[in-house]
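Notes follow the structure.
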Amino acid sequence: MTRAAAASASANAAIWYAPDGYDPAARGINGRRVAGESFLRGFFAHADVQEFVCLTHFASDEARFCDVAARQGVTRPIRGVRLDQMRGIAPLQVISFPSPNFATECWRRAPFGGAAHAICGITHTTATKAVMQGLFDLRAAPQMPWDAVICTSQAVAASLAAQMDLTDAYLGDRFGRPPPPRPLMPVIPLGVTCDDFTPDPAAGAALRGQLGLAPGEIACAIVARLSAHEKFDPLPLYLALARAQRTLGRRFHLLLCGQFRDDPSRRAFTRGAAEMMPEVGFHLLDGASATARKATLSAADLFLFPIDNVQETFGLAPIEAMAAGLPLIVSDWDGMKDTVPPEVGIRVPTEMPATELTAYLGQRHFGGTDSYAQYAGQLSALTRIDLAALTRALVALGGDADLRARMAAAGRARARSLYDWAAVMPQIQALWAEQAARLTLARAAGSAPPPMPATRLPPAPAPGVFFASYPSRTGPDPGRRYRAAPRDDRPDLSQTLDLRDYEATRRLIEARPHIAALLAALDGAGPAGARLEDLGRTAGLPQRAAARVLIWLMKYGFAQEADSDP
């Protein structure tokens, strides 16, 4: 490998790909899938690599990855690797995982050694029980100091550090030894393709006309999941809009572009608007439509993002609005603290209850009494956005076109310089290169943990270990001889496989030709039979595959021990 190729490989990563993390069109629109899809597009467009590698469960997932690449005009080589053959990612040394929950991947790596490769996860929503448990599990797993969790905001980095502090203190107290080093936790923002959000004035004017917006009336856009319990409570915003309209003497319109996931949210948004701001224009647009999203951003005078929910960790929509040239009014909340300085928008103060007032909610969520929606919704109900400050912000921006224009220009420049994938992807590649460098140092120093036996992984012991007390014995015995059993009175091999139909569950212990090959080897061995090693060699199968097939053939009466009765 040339020096240039080695350098390219060190700053590259195999993409752990499953459609659930990257395909909002097929799996449903949510923040992590939208961000995952955007990441892939940015990766294909801006990564300085010589090849693209995906790591997948199934060939069908590899095909989808290749299809995404083809749609992006990728001409560089694409290589697929199965998860059960993950050493095939070489010369790449890093796996990019689409969540912070990669404890399972640490255990999957363990049989090859802790320095077989590095893993790089990324935060999205961190408030679910699964993610919180996953972060605890990560510290108990064979996670290595060259692994990384990309934190998309300073706020989420602080929250992960807080949980790791609690976890490490507990593990240290319980086992009487300090915990191992934590993963790297750099703050790198999510990215967007800014050109996707260039406004379409014609579409914007058409939408304003369609909705009946008169000249001088203020269109406030929100593009978001329309969930009162998992995104934001709309009622305080409605109060502020009604008050701002009365103060300014100019009509406001709220353009809500999104999707309702449940009827309670639909009622809260629609009935709340009718009763709390009857004089304010209220318009619902289809958030599943890219055309509607583009028209909404193009028609708006300003963008609102009044988040009061722990579901949010970064806030991708305000970045998209900046790229579209809109001034912002956002809550002073998690990622917006990083992304929305005064020159591009107004951050409205927020307040959350003191720790002792909400501990019971965490316990109810963890224990299963409350669902995630209930947990997030109750926390939202106890989190306030300063209503007076929100009203003042609406009045200030609604009444000052020059201020809106200055913020819009600053936001567009900020999005382009800091959050376009052209700016973000080099930061991610630099992290991957740092992880690869740490791996190289650990290997050179001989400090990397050795491989763990794949049969003895604590959270996933081999069934032969875990269930050793269940059967009478285990087998097949490599020292014994096996022969074909008489089968004149029964369905043949093909008929038996058709009757059992393992393919219905997409799981067959071995391919049908492999099973047939071992049965043919048994037939050829005659009445004296043959040992497993010889049968496998004759059938052209690895010994483990031959052993599995032999057990199956014995289960269904096609094979037997040579010294047993027919």
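The values are calculated or read from the model by the stated rules, or taken from the named source; none is laboratory data. Every value quoted in this text rests on a predicted model; they were computed, and no experiment measured them. Cβ atoms come from the backbone with ideal geometry, glycine included; neighbour counts cover every protein chain shown.
Do you know which residues across the stretch 333-353 are closer than 27 Å to Ala401 by Cβ and β-branched (Val, Ile, Thr)?
Those that are closer than 27 Å to Ala401 by Cβ and β-branched (Val, Ile, Thr): Thr339, Val340, Val344, Ile346, Val348.
Tell me which residues, restricted to the stretch 8-66, are part of a helix (DSSP H, G or I), crowded, with 19+ Cβ neighbours inside 10 Å and of a type in the set (S, T, N, Q).
Residues satisfying the conditions are Ser8, Ser10, Ser38.
Residues that are in contact with a Ser or Thr (Cβ under 6 Å, 6 or more places away or on another chain), modelled with pLDDT of 95 or more and crowded, with 18+ Cβ neighbours inside 10 Å: does the stretch 401-415 have at least one?
no
I'd like to know if the stretch 98-117 contains one or more residues that are over 24 Å from Leu457 (Cα atoms) and modelled with pLDDT of 95 or more.
No, the stretch 98-117 contains no residue that is over 24 Å from Leu457 (Cα atoms) and modelled with pLDDT of 95 or more.
Given the residues Ala202, Ala162, Ala242, which is the only one that is farther than 29 Å from Thr383 by Cα, surrounded by fewer than 23 Cβ atoms within 10 Å (Cβ to Cβ), at pLDDT 95 or above and not charged (D, E, K, R)?
On inspection, the qualifying residue turns out to be Ala202.
Could you pull out the residue among Leu237, Leu213 that is part of a loop (DSSP other than H, G, I, E, B), touching a residue at least 40 places away in the same chain (Cβ under 8 Å) and surrounded by 18 or more Cβ atoms within 10 Å (Cβ to Cβ)?
One residue alone meets the criteria, Leu213.
For the stretch 184-199, name all the residues that are buried (at least 17 other Cβ atoms within 10 Å of the Cβ) and either over 21 Å from the mean Cα position of the chain (by Cα) or at positive phi (or both).
Residues satisfying the conditions are Cys194, Phe197, Pro199.
Please pick out the residue among Ala516, Ala462, Ala484, Ala468 that is of a type outside the set (Lys, Arg), closer than 18 Å to Pro542 by Cα and not assigned by TED's automatic domain parsing to the domain that holds His57.
Sole residue among the options that is of a type outside the set (Lys, Arg), closer than 18 Å to Pro542 by Cα and not assigned by TED's automatic domain parsing to the domain that holds His57: Ala516.
Working only within the stretch 135-184, note down all residues that are touching a strand residue (DSSP E or B) at 6+ places or on another chain (Cβ under 8 Å) and either farther than 28 Å from Met425 by Cβ or small (Gly, Ala, Ser) (or both).
Ala148, Ser153, Ala157, listed by residue number.
Go through the stretch 339-383 residue by residue and tally those that are in a helix (DSSP H, G or I), out of contact with any helix residue (DSSP H, G or I) (no Cβ under 6 Å at 6 or more places or on another chain), free of Cβ contacts under 8 Å to residues at least 40 places away in the same chain and surrounded by 13 or more Cβ atoms within 10 Å (Cβ to Cβ).
3
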